[in-house]
Amino acid sequence: MVELYGRTLTRREASARMGMLSQVAGVRLSTLGDGVERGNRMLEFRTGGGLRFTVMVDRGFDIAECDYRGQAIGWHSPAGFRHPSLHEYEGEGGLAFTRSFSGLVATCGLDHTMGPAEVPADGYNYPGRRTVKHSLHGRVSLIPARLAGYGERWEGDRCFLWAEGVVQQSAMFAEDLYLFRRIEAEVGGREIRVRDRVENHGFLRTPHMFFYHVNLGWPLLEEGARYLAPVREVLWASHAESYAAQGVGYAAVAAPRAGFREQVWEHDLAADADGACPAAVVNDRLGLGFEVVTRKAELPCFYEWQNYQAGNYALGIEPSTHHVLGEVAARERGEMIWLEHGEGRGYSLDLRVIDGAEEIAAAERRIAGIARQPEEAYPAPTGRFAPLWGSGR
């Protein structure tokens, strides 16, 4: 059944009330036409349950805008949603990513994540390429996708909005990786489901790294909002040498502040009985929250990015295939994922709106039931980076 505007309707009953579903819900393709965004294809999803979000077809099939009943959830940076043709991947010493970084979800990978790095290219069997230079968070988020399809699908009396895209990250004498992405949202619902598969279409053994950069902004994010997650242990903090200097711990959201220096934490999260790892930001004043759920077996590492700088105000929830140690360390520790021809990895990302004080309390109880997060604002980083992917370390 479809839940719309306080009514539970069959497909027939819903159809009797409108000439087209697009009156209340649907997926629409448009092209942006001005400024740095000009030329970007965009899919707009409206569930009819108050949830609206957009998918940037030409920016890695990532999710850009997101709002619920007119309240913004997704973050917009000053860079805007630049067309990928304006992006210079190797610019600014590998930090040009920051000139295009924006939106609710920015996918990082497919062969590199984290900071700029230079790694051996021996496996690509080309004498002219001795090393590969990677920029911050890899290439995939600024590659245009091939739009495979979009629309609505009825299953009995339930209706699902969907879109599929393929992002190809390929080069001669280098990687040939494909990202197959499907995004779904149920009509009347408040949840976005992302299902990804990364495959090696080349014939050379290729490294693979992946993570989701889920970015939340104002008004959901404001002073007094809270970060909830089943944190068993804090492994690392970017600001450990001056841990409490800015007066911002891991769990409390601070107000925007001029001169705030970003803080990044790596947490070890516990999973529930089904292997799921939830994390959420909740705003008790608004009675609004947003939950991110991934699978421990797929994305065993987890970061929290606090960027409470005025004008760039954001909090990032970032599940990852690899530790913050980076690509060079992943190779040295035997933790790099290597894909042979035809091999692939699947990933799932569920994004849920939490509506009202009762749902916030229920989410808090559920997350605490998996593992009770530290009460102290500054848990001491342990540096215990667990072995990944059967490395044996």
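Please treat every number below as a calculation from the coordinates, not as lab data. Keep in mind the model is a prediction, meaning the values are calculated, not measured. Cβ atoms come from the backbone with ideal geometry, glycine included; neighbour counts cover every protein chain shown.
General remarks:
- Cα-based shape type of region 222-320, given that a ≥ b ≥ c are square roots of the gyration tensor eigenvalues and the cut on a/c is 1.5: oblate
- With 5 Å bins from 0: P(r) over region 60-193, alpha-carbon pairs, percent: 2, 9, 15, 19, 18, 14, 9, 6, 4, 3, 1, 0
- Computed over neighbours whose Cβ is under 13 Å from that of Val264, the net charge equals -3, Lys and Arg +1, Asp and Glu -1.
- Positive dipole terminus of region 207-287, leading residue within Val248, Val231, Pro207 (C-beta point charges): Val248
- Answer label, with Cα extents along the principal axes in Å calculated from the coordinates and candidates (i) 157, 56, 35; (ii) 63, 59, 38; (iii) 66, 49, 43: (iii)
- Rel. contact order, % - alpha carbon contacts under 8 angstrom, at least six apart, region 22-370: 16 percent
- Approximate spin-label separation Ala121-Asp284, in nm, with each point projected 7 Å along Cα-to-Cβ: 5.5 nm
- Computed about its Cα centre, the charge dipole of region 22-370 is approximately 480 debye, with only Lys, Arg, Asp and Glu carrying charge at their Cβ.
- Over all other residues within a Cβ to Cβ distance under 12 Å of Arg146, the charged ones net out to 0, with Lys and Arg as +1 and Asp and Glu as -1.
- Estimated distance in nm for a label pair at Ala386 and Met18, the labels positioned 7 Å out from Cα along Cα-to-Cβ: 4.4 nm
- Rounded to the nearest 20 debye, the dipole size of region 47-181 about its Cα centre is 160 debye, using +1 on the Cβ of Lys and Arg and -1 on the Cβ of Asp and Glu.
- Calculated [θ] (222 nm, deg cm²/dmol) that DSSP helices of n ≥ 4 give over the chain, each run adding -39,500 (n - 2.57): -2000 deg cm²/dmol
- Unit charges on C-beta of K, R, D, E only; dipole of region 142-213, Debye: 120 debye
- Think of the chain as having a plus end and a minus end, set by charges on the Cβ of Lys, Arg, Asp and Glu; of Leu325, Asn283, Gly60, Gly60 sits farthest toward the positive end of this dipole.
- Dividing the mean sequence gap of close Cα pairs (under 8 Å, 6+ apart) by how many residues region 302-378 holds gives a relative contact order of 14 percent.
- Region 166-232: C-alpha gyration tensor shape, a/c 1.5 cut-off, then a/b vs b/c: prolate
- Pairwise centroid distance, computed over Cα atoms, of region 12-52 with region 359-387, Å: 37 Å
- Shape of region 329-393, Cα gyration tensor, a/c cut at 1.5: oblate
- Local electrostatic count, Val2, Cβ distance below 12 Å [Lys/Arg +1, Asp/Glu -1]: -1
- In region 253-318, trypsin sites (Lys or Arg not before Pro) in a DSSP loop with at most 15 other beta-carbon atoms within 10 Å: Arg261, Arg285
- Label-point separation in nm, Glu222 to Arg28, each point 7 Å along Cα→Cβ: 2.9 nm
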